[in-house]
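What follows is one structure encoded as structure tokens, with my remarks underneath.
We did not get these values from a lab; they are worked out from the coordinates using the rules stated. All of these numbers come straight from a predicted model, not from anything done at the bench. Note: ideal-geometry Cβ built from the backbone for every residue, glycine included; neighbour counts use all protein chains shown.
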Amino acid sequence: MTGARFNGRGVWAIYKFEMARFRRTWLQSLITPVITTSLYFVVFGAAIGSRMSQVNGVPYGAFIVPGLIMLSLLTESLSNASFGIFFPKFTGTIYELLSAPISAFETVLGYVGAAASKSVILGLVILATASMFVPLKILHPVAMVSFLLLTAISFSLFGFITGIWAKGFEHLQFVPMLVITPLTFLGGAFYSIDMLPPAWRTITLFNPVVYLISGFRWSFYGSADVSVGVSLVATLGFFALCLALVAWIFKTGYRLKN
């Protein structure tokens, strides 16, 4: 008996549908991060950069670029994926999807692939915008792309889980606004955690976002708050955890079939 064939057409249909929603609001989706990034440079670059010229040998304006990209990447990946799967639940069309000849893996691939694609596009837009304000260098471009893709996919999976867990639109806003954004600000997005007192630095190391930002910043400047190997392991661990949770959700039908 042969195994089931991969339903590429089904994956493409989900992916195309989700990307169409992005294209309908592309002006808002792309201009907003450009304006936000510009404001960060005006506020943080002018106000703080004038008092703290360099961090770990990197000009402050350039130092915050990886943190800015990660802040947008985490929130956009989570928001796009969570809304993408929550809306079929909200309208009741999720049952048509579950009864369609498409596997759980193919369903996740379509939704997560689209969410990750949108986030990577926005991350590159922010990178291009930042390059107009400060001189940038990427010492390890392969590592930069790897961290960018791995983070986008991992948090899109996390967003997919959040969208299934959410019972209402307020739940969709709870995680990105009250969990991810504070963790990012406290995770060294705009400063080095080595600048903190020893006790606070130890506490900060329990923040998983620290490892994402640190590894991504290392790919730019070769300096990091924690070892790049530890950052990579932490990122892969989060990715594996999200995969396991998604597999459990489809196996048990948690908030999908009831």
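Counting Lys and Arg as +1 and Asp and Glu as -1, what is the net charge of the other residues whose Cβ lies under 12 Å from the Cβ of Arg255? Could you put the intermediate results ahead of the total?
Values: positive: Lys89, Lys167, Lys257; negative: none.
Residues close to Arg255 contribute a combined charge of +3.
For an R0 of 30 angstrom, estimate the FRET efficiency from the Cβ-Cβ distance between Leu39 and Ala199 and round to the nearest 0.05.
Working: r = 33 Å, r/R0 = 1.08.
So, using R0 = 30 Å, E works out to roughly 0.40.
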Karplus 3J(HN,Hα) series, Hz, for the stretch 82-89 with 6.51 cos²θ - 1.76 cosθ + 1.60 (x for Gly, Pro)
5, 5, x, 8, 6, 4, x, 5
Using amide H atoms built in the peptide plane, which far-off residues or other-chain residues are under 5 Å from Val55 H to H?
Tyr60
In which sequence would Leu30, Leu148 go, from the one with the fewest C-beta neighbours within 10 Å to the one with the most?
Leu30, Leu148
Which of Ala234, Ala244, Ala104 moves most in a GNM of the chain, Cα contacts under 10 Å?
Ala244
Using the alpha-carbon atoms, what tilt in degrees (0 to 90, nearest 10) does helix 228-252 show relative to the longest principal axis of the chain?
20
Taking Lys137, Lys118 and counting other C-beta atoms within 10 Å, the order from fewest to most:
Lys137, Lys118
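How much length, in nm to one decimal, is gained on full extension between Ser103 and Trp165, taken as 0.36 nm per residue of separation minus their Cα-Cα distance? The partial results should precede the final answer.
On the way: separation 62, 0.36 × 62 = 22.32 nm, distance 1.99 nm.
Difference between extended and current length: 20.3 nm.
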Holding the Cα-Cα limit at 23 Å, pick out from Lys89/Lys118; Lys118/Lys257; Lys16/Lys257; Lys16/Lys167 the pairs that are longer than that.
Lys118/Lys257; Lys16/Lys257; Lys16/Lys167
Run the numbers on the stretch 8-252 and let me know its relative contact order in percent, using alpha-carbon pairs under 8 Å that are six or more apart.
27
Taking a crude spin-label model, label points 7 Å out from Cα along the C-beta direction, the Leu243 to Phe174 distance in nm is 2.9
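So what's the net charge close to Ala166: Lys and Arg +1, Asp and Glu -1, counting the other residues with Cβ under 10 Å from its Cβ? Don't skip to the end; give the middle numbers.
Details: positive: Lys89, Lys167, Arg255; negative: Glu170.
With Lys, Arg at +1 and Asp, Glu at -1, the net is +2.
How large is the helix-only mean residue ellipticity at 222 nm for the chain, computed as the sum of -39500 (n - 2.57) over DSSP H runs with n ≥ 4, divided by its residue count, in deg cm²/dmol to the nearest 500? List each step's numbers first, then the result.
Numbers: 12 runs with 179 residues, N = 258.
Taken over the chain, the calculation gives -22500 deg cm²/dmol.
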